[in-house]
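Peer 1: After the structure tokens below, expect a handful of questions from me.
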Amino acid sequence: MKICVLPGDGIGPEITAEAVRVLKAMNLGCTMEEAPVGGAAYRAKGHPLPDSTLQLAKDSDAILFGAVGDFSLDTLPRELRPEQAILGLRKELNLFANFRPAIVYPELVQASSLKPEVVAGLDILIIRELTGDIYFGKPRGIHTLPNGEREGFDTMRYSEGEIRRVAHVGFQAAAKRNKRLCSVDKANVLDTMQLWREVVIEVGKEYPDIALTHQYVDNAAMQLLKNPKQFDVIVTGNMFGDILSDEASMLTGSIGMLPSASLNEKNFGLYEPIHGSAPDIAGKNIANPLATILSAAMMLRYSFGLGAAADRIEAAVKRVLAQGVRTADIAEAGMATVGTTEMGDAVLAAL
Ligand code: NAD
């Protein structure tokens, strides 16, 4: 198991260091090699995703990613900005399935902006298609109409193959959980989404044990706030998934707690917290490393098939929360807080 560690910018190095400590303490025999990415790579090598970093990623079995983003580089041409590194990795490695669990831990139920009874015990998984849809469809652009007015246009497109492969991922994920899959589309208005629904239903015939339901995206956005516990696994396209997964993450109220995985057909994956580089708190040892530690657990489960080891890390995180250990972002008023390394220490002790 060769893991490529890409710490990136801002709080990235601080939080990945804690996840690396946890992985080492597990004694699983994995090797880890680090490379610069994002703004750090631009400063060191003139590009946010240098060839040497991409090659190391390709030669590895999985990637542990911190975060990229550096506001002082936002004036660079788009192709040199730090965020291009993550887009480049997704494209180069064909990471088409994005897994985002949204779990509400009992101890953090107050952190949600929804009522405790609505979110207590929530454990859902959103699977977002990541490499197709209107974000990549061509033609796109801004042109000038004969009347002199400018017009912007983008193209929503999905091939059957693209829909089929992410649908399989959705059904297989549901099979490992509570056997319910909700496919979210907009089949009532969009032809692309009509095809989406038809293909998902076809694929569903191969998974008779999974209860398949469909929701239009506008209804799904509402249901996620009204009764989020009705869902087990949601599978959806790139744009709808972008919006719904951010909405779902806020049900938990704590951006510093949420891991994610982006996988290709061979279960090669990039694992990262859902938050960004948080420049406002970088270098202060106050960032919450738990989302990155939980991303490492997802890596063990999805890329290496080490479910028991992943369970151990997740149980250690739960224990630490039950003990009342809190970084500032998840502390209730009046609670004592610990720093990034102290939170890592607590997880190691719990392990
Ligand atoms: P952000 O997620 O970095 O921060 C949003 C807020 O949440 C900030 O107040 C931050 O302090 C807080 N926060 C985030 N992670 C935290 C943690 N682990 N512990 C405690 N608090 C935490 O989003 P932003 O401020 O909009 O963006 C900052 C930079 O990150 C930008 O350059 C953006 O493009 C980039 N970004 C990168 C990724 C990625 O690498 N995948 C994702 C989102 C944003």
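Peer 1: Counting only DSSP beta bridges with both residues in the chain, what percent are antiparallel, rounded to the nearest 5?
Peer 2: In the chain, approximately 40 percent of DSSP beta bridges are antiparallel ones.
Peer 1: Let me ask you something else. Taking the radius of gyration and the Kirkwood hydrodynamic radius from Cα positions alone, what is the Rg/Rh ratio for the range 246-351, to two decimal places?
Peer 2: On the Cα set of the range 246-351, Rg over Rh gives 0.98.
Peer 1: Suppose the chain between ASP51 and GLU265 were pulled fully straight at 0.36 nm per residue; how much longer would it get relative to their current alpha carbon spacing?
Peer 2: 74.7 nm
Peer 1: Long-range amide H contacts for VAL235: which residues qualify at under 5 Å (H placed 1.01 Å from N, peptide plane, sequence gap of 5 or more or a different chain)?
Peer 2: Under 5 Å from the amide H of VAL235: ILE127, CYS182, SER183, VAL184.
Peer 1: Kindly rank 178-187, 54-63 from highest to lowest mean number of other beta carbons found within 10 Å of each residue.
Peer 2: The most tightly packed comes first, giving 178-187, 54-63.
Peer 1: Using amide H atoms built in the peptide plane, which far-off residues or other-chain residues are under 5 Å from ARG157 H to H?
Peer 2: ASP133, ILE134, GLY137
Peer 1: Okay, moving on. Report the label-to-label distance for SER113 and ARG43 in nanometres (one decimal), using points 7 Å from each Cα along the Cα→Cβ vector.
Peer 2: 3.3 nm
Peer 1: Along the Cα→Cβ direction, 7 angstrom out, place labels at ASN27 and ASP74. What is the inter-label distance in nm?
Peer 2: Spacing of the two 7 Å Cα→Cβ label points: 4.8 nm.
Peer 1: Please tell me the relative contact order of the chain in percent, rounded to the nearest whole number, where contacts are Cα pairs under 8 Å and at least six residues apart.
Peer 2: 21 percent
Peer 1: Turning to a different aspect of this structure: In µm²/s, what is D for the range 275-334 at 4 °C and 1.567 mPa s, where D = kT/(6 pi eta Rh) by Stokes-Einstein and Rh is the Kirkwood radius from Cα pairs?
Peer 2: Translational diffusion coefficient: 100 µm²/s.
Peer 1: Hey, rough spin-label estimate for ILE201 and THR213, points 7 angstrom out along Cα→Cβ, what's it come to in nanometres?
Peer 2: For ILE201 paired with THR213, the spin-label model returns 1.8 nm.
Peer 1: Moving to a separate point now. Please work out how much length the chain gains when fully extended from ASP311 to LYS58, using 0.36 nm per residue of separation minus the C-alpha to C-alpha distance, in nm with one decimal.
Peer 2: 88.4 nm
Peer 1: Under 8 Å for C-alpha pairs, at least 6 residues apart: give me the relative contact order for the range 287-343, rounded to a whole percent.
Peer 2: Here the relative contact order equals 39 percent.
Peer 1: Could you rank the peptides 330-342, 305-317, 263-275 by their average count of other C-beta atoms within 10 Å per residue, with the highest value first?
Peer 2: Ranking the peptides 330-342, 305-317, 263-275 by packing returns 263-275, 305-317, 330-342.
Peer 1: Please report, ordered by residue number, every helix of the chain (full DSSP H runs) that is 15 Å or longer along its axis going by C-alpha atoms and whose mean Kyte-Doolittle hydropathy reaches 1.0.
Peer 2: Those that clear 15 Å and a mean of 1.0 are 290-302.
Peer 1: Computed FRET efficiency, Cβ-Cβ of ALA328 and GLU160, R0 45 Å: what is it to the nearest 0.05?
Peer 2: 0.40
Peer 1: Starting at 0 and stepping by 10 Å, how many percent of the alpha carbon pairs of the range 175-274 end up in each bin?
Peer 2: P(r) for the range 175-274, in whole percents per bin: 13, 41, 38, 7.
Peer 1: Helix-only mean residue ellipticity at 222 nm, the chain, DSSP H runs n ≥ 4 weighted -39,500 (n - 2.57), per residue, nearest 500. What is it?
Peer 2: For the chain, the value works out to -12000 deg cm²/dmol.
Peer 1: I'd like the FRET efficiency for ASN178 and ASN227, computed as 1/(1 + (r/R0)^6) with the beta carbon distance as r and R0 of 22 Å, rounded to 0.05.
Peer 2: 0.90
Peer 1: Plugging the Kirkwood radius over Cα pairs into Stokes-Einstein for the chain, at a temperature of 10 °C and a viscosity of 1.306 mPa s, what D comes out in µm²/s?
Peer 2: 76 µm²/s
Peer 1: Compute the accessible area per residue over the chain, keeping the other protein chains in place, probe 1.4 Å, unit Å².
Peer 2: Accessible area per residue, the chain: 44 Å².
Peer 1: Test of understanding: express the Cα radius of gyration of the range 30-147 as a ratio to 2.2 N^0.38 Å, with N the residue count.
Peer 2: This ratio for the range 30-147 stands at 1.43.
Peer 1: What FRET efficiency would be calculated for the residue pair GLU342, ILE142, taking the C-beta separation as r and a Förster radius of 56 Å, to the nearest 0.05?
Peer 2: Here the calculated transfer efficiency is 0.65.
Peer 1: Given H placed 1.01 Å from N in the peptide plane, which residues other than close sequence neighbours of THR327 have an amide H under 5 Å from its amide H?
Peer 2: VAL338
Peer 1: Which order do peptides 41-53, 163-175 fall in by mean Cβ count within 10 Å, highest first?
Peer 2: Taking the mean over residues of other Cβ atoms within 10 Å, the ranking is 163-175, 41-53.
Peer 1: Hey, what do the phi angles of the range 142-147 turn into as Karplus ³J(HN,Hα) couplings, whole Hz, using 6.51/-1.76/1.60 and θ = phi - 60°, x for Gly and Pro?
Peer 2: Running phi through 6.51 cos²θ - 1.76 cosθ + 1.60 with θ = phi - 60° gives 10, 10, 9, 6, x, 7 Hz.
Peer 1: Now, a different point. According to the Kirkwood expression over distinct Cα-Cα pairs, how big is the hydrodynamic radius of the range 98-176, in Å?
Peer 2: Computed over the range 98-176, the radius equals 16.3 Å.
The values are calculated or read from the model by the stated rules, or taken from the named source; none is laboratory data. As the structure is a prediction and not an experimental result, all values here were calculated from the model. A quick note on method: Cβ atoms are made from the backbone with ideal geometry, for glycine too, and the neighbour counts reach across all protein chains shown. In case anyone asks, the SASA skips ligands and DNA or RNA and just uses the protein heavy atoms, side chains included. Shrake-Rupley method; radii C 1.70, N 1.55, O 1.52, S 1.80 Å.
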